[in-house]
Amino acid sequence: TNSSTAEGGEWTGYVPGEEFTIGENITGIRYIFVKEVKDKAGNTATETLKAGPYIFDNTIPEIKEMKVIAPETGTYKAGEKITIEISWSENITVLQAPELILKFGEGEERKATHTEVNGSIMKYEYTIEQGDNGNLSLVDYRGGIVTDGINIATPEIKELGGNKIAADTEGPKVT
């Protein structure tokens, strides 16, 4: 049994600086149990000590899906709000929201606004502007700090699923 000196006595059954390997993508909990605690006079503590749990999580959150959840499939004019939902592989905390860049047809790139996080779901909104014309597509998903509390995710763009949205902000032309 290894021991380590602690303030007021000695701990036996504790392995100081013990290292162990947890493989890739393995999540677990480790406890450290102290078998015996003695003070400097040699008196043994009457209670058992337990430290922990120590949580080990090597699984980095990943994006499972990006999809339009509102409005329904269709063509919309300026002023209509679009909601995009991003599903992650586990519950997340957003310390800084990544930028979600989208565009309609061959138009200008636009930035959607991050609106909420609930468990493993992030939501973004974008209001169609004058000049947005064509089918909605995602251009980039970058930056930000998204974490599961231990690991930091790297945002990456996925194919946009869900409702198919197009914008038409030009009035009819009479010829």
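Here is how the numbers come out for the structure above:
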| quantity | calculated |
| --- | --- |
| Those aspartates and glutamates that a straight Cα-Cα span of less than 15 Å connects to K40, excepting residues fewer than 8 apart in one chain | E7, E10 |
| With every protein chain in place, the range 52-118: carbon and sulfur % of accessible area (1.4 Å) | 43 |
| Within the range 69-113, GluC sites (Glu not before Pro) in DSSP loop having at most 11 other beta-carbon neighbours inside 10 Å | E72, E106, E108, E109 |
| Length added when fully stretched, E116-T93, from 0.36 nm per residue minus Cα-Cα | 7.2 nm |
| The range 40-175, relative contact order [Cα under 8 Å, separation at least 6], % | 32 |
| Full-extension gain in nm, E109 to R142, via 0.36 nm per residue minus C-alpha separation | 10.5 nm |
| When each of K67/K173; K81/K173; K64/K173 is checked by Cα-Cα distance, pairs over 31 Å | K67/K173; K64/K173 |
| Estimated FRET transfer efficiency (T73, E125; beta-carbon r; R0 22 Å; 0.05) | 0.80 |
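The values are calculated or read from the model by the stated rules, or taken from the named source; none is laboratory data. Just so we're clear, the structure is a prediction, and the values are computed from it rather than from any experiment. Note that we place each Cβ from the backbone using ideal geometry, even for glycine, and neighbour counts take in every protein chain shown. When the accessible area is computed, the model is the full protein with side chains, heavy atoms only, and any ligands, DNA or RNA have been set aside. Shrake-Rupley method; radii C 1.70, N 1.55, O 1.52, S 1.80 Å.
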